[in-house]
Structure formats: C-alpha cells, structure tokens
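These notes concern the structure reproduced below.
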Amino acid sequence: MTVDGQTAEEWISKARLLRQRGQNKKAIEAYNKALHIDPQNLEALNEVGLVQIHVGDQMLAIETFEKAIGANPEDPRAYANKAEAYLTVGDFDNALAAAETGLEKSPEDADLWVKKARSLESLLRIDDAIDAYNEALKYDSEEPETWKALALCYDAKMEWESVARAYRIAASLHLKRGERRDADYCERFATDAEDSASDEKMA
C-alpha cells in the first residue's frame, strides 16, 4: 500500500530528513502518512511521538506512545519515550511508573534505567536515583550524560570524591568522541569537587 505514490518506509525516510531540517510540522505530516499505511509501525509511532514532545504536544505524544506499546508491549522504546513525555511536563510520578513498567519487560535497558533515575531525582529521592543511574551504567557505561547526571546526584549529597570520579569518566568519554569542550567542562567540575573534598579534610 502507498500514499501519494510512496511506501511507509519512504514516508518515514522523508520525515527523518524533515526533522533534521527542523521542519517539525511537515515531519509530523509525513509520519502520519506512513502510519496511514501501517498504523502499527513502531519506528513511525516512536519517532512522531518524539517530534510531538519537541513541539510541546506532550499529551498527544503520550497517546502515540501508548499506541506503540499496544502494537508491541515488549519494545522498550515506547515506555522510555512515554516517561520522557511525562518528565517534560513535570509529571514525575507517571514518568516513574512508565519507566518501571518498561523495566518489567526489559530489565537490562539502560535508557529505561536513566528515565527511572531522572524521575526519582526529580522526586528528590536522590539515593534511589543514584542506584538507578548505576544500574543504567551496568548496561551502557559509554554514555557521558549518564555519568554527569550521576555526578549531580552525588553533588547533592556532597560526596565530592564520587562527584570527581564521575566527571573524570565523563570527560574521558567526551574526549573519545572528539568533544573537547564538553570534556574540559567535566574536568573543571571534577577539579572543583576535588577542591571541595580537600577543604573538608582540612576543616
């Protein structure tokens, strides 16, 4: 089946290109044409939902991700994306619930652990957030943003040595990617944490 002479895959490719150009409204239209052809296409559902978040239509995005979950309850992406939608509107309890439901299906999915950690952090459950970030790092230790988020949680607890370690690891990962400016920021934050640790020992 085609719409306007293009298959679902062709409409998805066009939508991705439009997203890259920042043409979100046209991207949504292209995704919707793909979904007209294949209403349960997980790529189109998850990607259009993320665009809906980007344009501020979070409640529609949540509905979209629920459709994706209905199409394949075992796929972790829609749970993580649904949690993200709730996070962006400050509904941290529902974000946590979405992440935890996803983790029941995919307990080794790092992105779901990060979403759970962010939800817990936003609920000021810092110790639980630290545990969740560490779980995420068990399954993906190469993501510098997770290390930086963990560092911020340790910072809230004034555990300076742990802060410094997390930032140093994030810095090395940024350098691997050629992201020198980000690495420099992390090194600076690590040094600040080490200075705070030294001050505490001297006090």
*Would you be able to say whether some residue in the stretch 145-163 is of a type outside the set (A, V, I, L, M) and farther than 30 Å from residue 91 by Cβ?*
yes
*Scanning for something under 12 Å from the mean Cα position of the chain (by Cα), of a type in the set (Val, Ile, Thr) and under 19 Å from residue 139 (Cα atoms), does the stretch 87-95 turn up at least one residue?*
no
*Output the residues belonging to the stretch 56-74 that are more than 12 Å from residue 45 (Cα to Cα) and surrounded by 15 or more Cβ atoms within 10 Å (Cβ to Cβ).*
57, 58
*For residue 157, which of the numbered conditions (1) touching a residue at least 12 places away in the same chain (Cβ under 8 Å); (2) over 22 Å from residue 200 (Cα atoms) fails to hold?*
(2)
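Coordinate-derived values only; no laboratory data. Bear in mind that the values here come from a model prediction, so they are computed numbers and not experimental data. No Cβ is skipped: glycine too gets one built from the backbone with ideal geometry, and neighbour counts run over all protein chains shown.
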